[in-house]
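**Q** What follows is a single structure, and I will ask about it in a moment.
Quick note: the coordinates plus some simple rules give every number you see, no bench work behind them. From a predicted model like this one, the values you see are computed outputs, not experimental measurements. Reconstructed Cβ throughout: ideal geometry from the backbone, glycine too, with neighbour counts over all protein chains shown.
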Amino acid sequence: MATALEELRELEARALAELAACTDEGALRAWHGRYLGDKGQLKAALAKLGTLAKEEKPAYGAEANRVKGSLSAAYESAWEAVRERALTAELEQPGIDVTLPGRTWRRGRLHPATTILRRICRIFAEMGFQVYRSREVETEAYNFDYLNMPAHHPARDMWDTFFTTTPGVLLRTHTSPGQIHVMRAAGGRPIRAILPGMCYRNEAISPRSEIQFYQIEGLVVGEGVTFADLKGTITSFARRLFGPQRQVRIRGSYFPFTEPSIEVDIDWPADDPNRERLTKGTGWLEIMGAGMVHPKVLEAGGYDPRRVTGFAFGMGPQRMLMLLHAIDDIRLFWQNDLRFLQQF
Ligand code: PHE
């Protein structure tokens, strides 16, 4: 009859032989259960220790420990081998074409409206203007009254907007209410600021008008600010944005918050094939409204119109972008059509 020690060694030999035949994870786990698990054969063999004669115990115990170590080590390296085989098999699989181009990250970019806004802000920053952010949800007082448009003033019709359910609170129709905010924040000190931001109007949407669009307002207030300063600033800006050769033309106009009020045109390059269409045959294109700040507006901002003067202007940067890139439909800006956006 085989001795206990011999049985142990047979167990080891059998286990190792079976392990050698395990070629996948499932087989390995099953083998572990059979030999090293809680109900495995090695546990059973160890339990046998108690039934042996005293003098046999030390040798049996030592041998059992050695077998346990041997099987555990063999089990670990069998796992290694299985993992390696799986990896090799995967790499050798036909169907991986390593010459295919990889999947690259698609680079995002800024929206063209953001880009033009930043370009314009940079030009004015070079001229010493600060950027002032003003709210999009406004009160009727700021959007109209402080700008010299009391209730029932007919000019309010030109700036029809969306009203909130709170009486007197609306979406601003222009960045001009920001003039009052800047003046009140500046507390009587001289001002040279631009105010970029979103505006809203209740309009029938067409290729030329949207219900939301960007504007950039400019405001300069101080002692001795003249109409010549306005002309110089606007001309310098127009030449930096549209090219050093541009001519600027000024036409009389009307805004309740400026006096006198003007509209500013630039001449369009004679060699541009779109010139006729863009300028409707005149050769001139309107780029902004402007004027000297009305005394009542200065007063509303806390300034004394007998001591200081100022000029203001307002432009639509998206319109400028349309001019620069011959875009003929303003609705393209917020449609999120990638075919349009990816061109910039
Ligand atoms: N707020 C005017 C508009 O929306 C533009 C403007 C701004 C005109 C400042 C004069 C001075 O049309």
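**Q** Only loop residues by DSSP count here, and only those with at most 10 other Cβ atoms within 10 Å; note down the chymotrypsin sites (Phe, Trp or Tyr not before Pro) in the stretch 111-187 that meet that. Intermediate values should be presented prior to the final figure.
**A** On the way: sites: Phe124, Phe129, Tyr132, Tyr142, Phe144, Tyr146, Trp159, Phe162, Phe163; in loops: Phe129, Tyr132, Phe144, Phe162.
Of the chymotrypsin sites (Phe, Trp or Tyr not before Pro), not one in the loops of the stretch 111-187 has a Cβ with at most 10 other Cβ atoms within 10 Å.
**Q** Moving to a separate point now. Out of Pro273, Ala290, Gly310, whose Cα points farthest toward the positive end of the dipole of the chain (charges: +1 Lys, Arg; -1 Asp, Glu; placed on Cβ)?
**A** Checking the options against the dipole of the chain, the answer is Gly310.
**Q** Which residue, Trp334, Gly252, His153, has the largest displacement toward the positive end of the dipole of the chain when charges sit on each Cβ (Lys, Arg +1; Asp, Glu -1)?
**A** Gly252
**Q** So, with +1 on the Cβ of K and R and -1 on the Cβ of D and E, and no other charges, what is the size of the charge dipole of the stretch 1-64 about its Cα centre, to the nearest 20 debye?
**A** Computed charge dipole of the stretch 1-64: roughly 240 debye.
**Q** Hey, another quick one. Can you tell me how the stretch 198-331 classifies by the Cα gyration tensor, rounded, prolate or oblate, using a/c under 1.5 as the rounded cut?
**A** It comes out oblate by the Cα gyration axes.
**Q** Which whole-number value in Å³ per residue fits the convex hull of the alpha carbons of the chain?
**A** Each residue corresponds to 301 Å³ of Cα convex hull volume.
**Q** Right, next: Determine the sum of side-chain charges near Phe340: Lys and Arg each +1, Asp and Glu each -1, restricted to other residues whose C-beta is under 11 angstrom from that of Phe340.
**A** 0
**Q** Turning to a different aspect of this structure: Please give the calculated 222 nm ellipticity per residue for the chain, where each DSSP H segment of at least 4 residues contributes -39500 (n - 2.57) and the sum is spread over every residue; nearest 500 deg cm²/dmol?
**A** So the calculated ellipticity at 222 nm is -12500 deg cm²/dmol.
**Q** Whose amide H sits under 5 Å from the amide H of Thr258, counting only residues 5 or more places off or on another chain, with H placed in the peptide plane?
**A** His294
**Q** How large is the charge dipole for the chain, taken about the Cα centre, if only the Cβ atoms of Lys, Arg (+1) and Asp, Glu (-1) carry charge, to the nearest 20 debye?
**A** 860 debye
**Q** If a/c stays under 1.5 just call it rounded; otherwise compare a/b with b/c (prolate if a/b is bigger, oblate if not). Do that for the stretch 67-157, with a ≥ b ≥ c from the square roots of the Cα gyration tensor eigenvalues.
**A** prolate
**Q** Considering the stretch 28-184, what Rg and Dmax in Å follow from its alpha-carbon atoms?
**A** 41.2, 117
**Q** Right, something else. How are the Cα pair distances of the stretch 4-91 distributed, in percent, across 10 Å bins from 0?
**A** 16, 45, 24, 11, 3, 1
**Q** With a ≥ b ≥ c the root eigenvalues of the C-alpha gyration tensor of the stretch 1-48, is it rounded (a/c under 1.5), prolate (a/b larger than b/c) or oblate?
**A** Oblate is the answer for the stretch 1-48, as a/c is 1.5 or above yet b/c matches or exceeds a/b.
**Q** Exactly which trypsin sites (Lys or Arg not before Pro) in the stretch 92-176 are in a DSSP loop and have at most 15 other Cβ atoms within 10 Å?
**A** Counting only loop positions with at most 15 other Cβ atoms within 10 Å, the trypsin sites (Lys or Arg not before Pro) in the stretch 92-176 are Arg103, Arg106, Arg107, Arg109, Arg133, Arg135.
**Q** With the alpha-carbon atoms as the only input, what is the per residue convex hull volume for the stretch 210-279 in Å³?
**A** It comes to 142 Å³ per residue, whole-number rounded.
**Q** A follow-up question, please. For the chain, with the dipole built from +1 on Lys and Arg beta-carbon atoms and -1 on Asp and Glu ones, taken about the Cα centre, which of Thr226, Gly301, Leu36 lies farthest toward the positive end?
**A** My answer, from the dipole projection, is Thr226.
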